[in-house]
Amino acid sequence: MVEFGDMVDHFGFTLMKTFKQRYLISDKHWRKDGGSILFYTGNEGDIVWFCNNTGFMWDVAEELKAMLVFAEHRYYGESLPFGASSFKDSRHLNFLTSEQALADFAELIKHLKRTIPGAENQPVIALGGSYGGMLAAWFRMKYPHVVVGALAASAPIWQFEDLVPCEAFMKIVTTDFWKSSPGCPESIRRSWGAINRLSTAKGGLQWLTETLRLCDPLTSSDIRRLKDWISETWVNLAMVDYPYASDFLQPLPAWPIQVVCQYLKDPNVSDSLLLQNIFQALNVYYNYSGQAKCLNISETTTSNLGSLGWSYQACTEIVMPFCTNGIDDMFEPHLWNLKEFSDDCFKQWGVRPRPSWITTMYGGKNISSHSNIVFSNGELDPWSGGGVTKDITDTLVAITISEGAHHLDLRANNDFSYSGIFATVALPVRNLAFFCSISLCFQALEPSLAVHGNKERRESLSQPCT
């Protein structure tokens, strides 16, 4: 576990404050002669948790003679620019942007090359998944002199403005459930009306609370929140529909959607039976371990994810339009309404979103001038709807993983994985090696970084991350 003193504001000249950015490092397989540096661009959560869920880097470290570095994103985990006051108000949150995070990564790499003997001329390859995958791609685009290439797994860099249809995401979620059983998405589609009817019936709120085994009694004002919670559960299941048991978001069985859909095969049942079946399905996600005494509609994922920081980012620059129509998907109809979204953001954070900024900053679909980025997507992953799924050039390569869910390729290979997925994942490894070989054409980074702030301490990590 290591900390590096980074600037709070890389782009201004009045605030000279620094903060402790946490990163993890392993040099177990690193070789100064012919080696490389694999740099994980940390995303919206605790870096130790992401490290322990990114087994791919550990799997290829020996082959690539690689040093592994996992950098924590500012405002997440323990990398808090203003300590306990970091989320106090929008003034303190003003420096939570992707641009500032990329600058953090660039400064950290310069620092490592400057202070680790033998690292100065080593090629650096960025890797990340989901938002971290977006950052990996953007890092290569904005700092091509710092990283020679990037693996951007499940990176929805086109989920902005009208670059892709706003309904694409939820359509993929629905398709995932339909593949397990055609009656499954229809049961979910009918459940929304059943909830509406039961919640307005006499004693219905109490009945729903007891049937769904909720931790807190429902009131009429909670119904919208209840349905949003259920919707997010189905989305999360689509994201982590892995071919083996996992505990990435919650402890889950292999192919969890298949398990869930066993309870939802028949949509032609009474409202009360349908909601009892919905509970059984929800219970797979929230209580597969059997340890939960009740279900909390305020929680959908592990606490390792920084939902508060992500809420702010979604209200400023990471503005992703989503919509549903209830016909081509299994959700209630919902139009994308930027004004409504903006008003909600202003109410929560006192800020207004800038929906065009990401495409202005990173180019949208006009990225053919860039190079050496592998975009990987799983065909089951709803985020693939906003991802790069076709080759753009010979060095902007798209890979689709059959039956793959959210950044499955970044997870560790194991005995329960089947060969079709990981045969496909071998291709990014070869591309990474290619990036290493072409890196000899790049000049070494300028060793001009001034280390800001706190004294560093370094320990060598070995898996698992601690």
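The values are calculated or read from the model by the stated rules, or taken from the named source; none is laboratory data. Since the model is a prediction, treat every value here as computed from it, not as a measurement. When we count neighbours, we look across all protein chains shown, and the Cβ atoms used for this are built from the backbone with ideal geometry, even at glycine. Keep in mind that these areas ignore ligands, DNA and RNA; they rest on the heavy atoms of the full protein, side chains included. Shrake-Rupley method; radii C 1.70, N 1.55, O 1.52, S 1.80 Å.
Points worth noting:
- Spin-label model, PHE11/TRP336: points 7 Å from Cα along the beta carbon direction are separated by 2.3 nm.
- The lysines within cross-link reach of LYS293, meaning a Cα-to-Cα straight distance under 23 Å and a gap of 8 or more places when in the same chain, are LYS227.
- Structure note, pairs LYS179/LYS339; LYS20/LYS339; LYS339/LYS390; LYS65/LYS142; LYS88/LYS171; LYS65/LYS110: Cα-Cα distances above 29 angstrom occur for LYS179/LYS339; LYS20/LYS339; LYS339/LYS390; LYS88/LYS171.
- Measuring nothing but protein heavy atoms, the accessible surface of the stretch 262-415 at 1.4 Å probe radius is 48 percent carbon and sulfur.
- Surrounding net charge for ARG74, when Lys and Arg each add one and Asp and Glu each subtract one, Cβ distance under 9 Å: -3
- Rolling a 1.4 Å probe over the heavy atoms of the protein chains gives the stretch 170-287 an accessible area of 41 Å² per residue.
- Dividing the C-alpha radius of gyration of the stretch 225-279 by 2.2 N^0.38 Å, with N its residue count, gives 1.22.
- Extension reserve of the LYS265-THR395 stretch, reckoned as 0.36 nm per residue once the Cα distance is removed: 42.4 nm
- Selection of chymotrypsin sites (Phe, Trp or Tyr not before Pro), the stretch 344-417, meeting DSSP coil and at most 12 other Cβ within 10 Å: PHE416
- Nearest-ten-degree value, helix 419-438 long axis tilted from longest Cα axis of the chain: 30
- Hz values of 3J(HN,Hα) by residue in the stretch 377-390 - Karplus curve (6.51, -1.76, 1.60), Gly and Pro given as x: 9, x, 5, 8, 7, x, 6, 5, x, x, x, 8, 10, 9
- The stretch 164-233, accessible surface, carbon-and-sulfur percent (1.4 angstrom probe): 54
- Within a straight-line Cα-Cα reach of under 17 Å, LYS28 can be paired with the following aspartates and glutamates, leaving aside sequence neighbours fewer than 8 residues apart in one chain: ASP59, GLU62, GLU63, GLU459.
- Neighbour count of at most 13 Cβ within 10 Å plus DSSP loop: longest trypsin sites (Lys or Arg not before Pro)-free window in the chain: 89-201
- Table column - 3J(HN,Hα) (Hz), the stretch 11-26, Karplus curve with 6.51, -1.76, 1.60, x for Gly and Pro: 10, x, 10, 9, 8, 9, 5, 10, 9, 8, 8, 8, 8, 10, 9, 9
- Two-site label geometry, LYS32 and SER402: point separation in nm, points 7 Å out along Cα→Cβ: 4.6
- Against the chain, whose longest principal axis comes from its Cα atoms, helix 271-287 is set at around 30 degrees.
- Heavy-atom accessible surface of HIS10, to the nearest 10 Å², is about 40 Å², with a 1.4 Å probe and all protein chains retained.
- Length gained when the stretch ALA245-SER307 is fully extended (0.36 nm per residue, less Cα-Cα span): 19.9 nm
- TRP207-SER220 pseudo-label distance in nm [points 7 Å out on the Cα-to-Cβ vector]: 1.7
- Summarised in one figure, the compactness ratio Rg/Rh of the stretch 126-209, Cα atoms and Kirkwood Rh, is 1.27.
- Relative contact order (%) - criterion: Cα under 8 Å, at least six apart; region: the chain: 24
- Estimated [θ] at 222 nm from DSSP helical runs (n ≥ 4, -39500 (n - 2.57)) normalised by residues in the chain, nearest 500: -11500 deg cm²/dmol
- Rounded FRET efficiency, nearest 0.05, which uses the C-beta distance separating SER369 from GLU63 and R0 of 51 Å: 0.95
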